[in-house]
Amino acid sequence: MTVSAIEFSRLGPPKLRLYGMRCTNCNTLHPWWEQYACEKCKHTELVREPLAGRGELTNYTVVYYPPRDFLGQEPYVVGHIKMDEGVSIPAPVVGVAQDDVQVGMRVRSVLRRMKLGHEGDIYYSQKFVVDADAK
């Protein structure tokens with residue numbers, strides 16, 4: 001989830017907490033954007049569940065030709081993170097050289113500036129860094 005600095009200051013840090021959506025019928029955990037129906041049982045009651053913010057990088061790509069909002073940040077790594085709770089989410093991986101990124105490495109979420117908007121707005125979101133505390 002990406003929010004502007006204005007929205008962040010108005011809504012506060014809870015707006016940018018990492019969470020998944022849990023089906024109240026079959027208990028399946030979904031990514032945060034699956035808010036309306038469970039893919040498994042089609043039940044329409046999903047509730048937010050906080051995620052601890054740690055997981056494993058399952059695959060990744062290096063972006064050399066980014067969308068307009070991310071020009072100037074290239075090249076950068078975007079990976080699929082399998083969270084410890086079981087749900088997978090895509091997110092940027094930062095703070096590590098591209099040559100050192102490896103499938104299977106442990107990562108943790110951090111709040112970082114995501115992009116500058118067209119009118120100068122600053123947007124924040126979750127990115128992932130190598131988890132130095134991982135065993």
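The values are calculated or read from the model by the stated rules, or taken from the named source; none is laboratory data. Here the structure is a predicted model, which is why all the values come from computation and not from measurement. Virtual Cβ from ideal backbone geometry, glycine too; neighbours counted across all protein chains shown.
What are the residues in segment 116-135 that are among the β-branched types (Val, Ile, Thr) and either exposed (fewer than 13 other Cβ atoms within 10 Å of the Cβ) or in a loop (DSSP other than H, G, I, E, B) (or both), if any? Answer for segment 116-135, where residues must be among the β-branched types (Val, Ile, Thr) and either exposed (fewer than 13 other Cβ atoms within 10 Å of the Cβ) or in a loop (DSSP other than H, G, I, E, B) (or both): there is none. When you scan segment 93-115, do you find a residue that is assigned to a strand (DSSP E or B), of a type in the set (S, T, N, Q), surrounded by fewer than 16 Cβ atoms within 10 Å (Cβ to Cβ) and out of contact with any helix residue (DSSP H, G or I) (no Cβ under 7 Å at 6 or more places or on another chain), even just one? Among the residues of segment 93-115, not one is assigned to a strand (DSSP E or B), of a type in the set (S, T, N, Q), surrounded by fewer than 16 Cβ atoms within 10 Å (Cβ to Cβ) and out of contact with any helix residue (DSSP H, G or I) (no Cβ under 7 Å at 6 or more places or on another chain), which makes the answer no. Checking the structure you have, find out if any residue of segment 54-76 is over 21 Å from Asp133 (Cα atoms), of a type in the set (Ser, Thr, Tyr), under 14 Å from the mean Cα position of the chain (by Cα) and in a strand (DSSP E or B). The answer is yes; a qualifying residue exists.
Restricting attention to segment 91-129 and to residues that are in contact with an Asp or Glu (Cβ under 8 Å, 6 or more places away or on another chain) and aliphatic (A, V, I, L, M), the residue that is modelled with the lowest pLDDT turns out to be Leu116. Going by the structure shown, is Glu39 more than 20 Å from Val107 (Cβ to Cβ), under 16 Å from the mean Cα position of the chain (by Cα) and part of a loop (DSSP other than H, G, I, E, B)? Criteria not met by Glu39.
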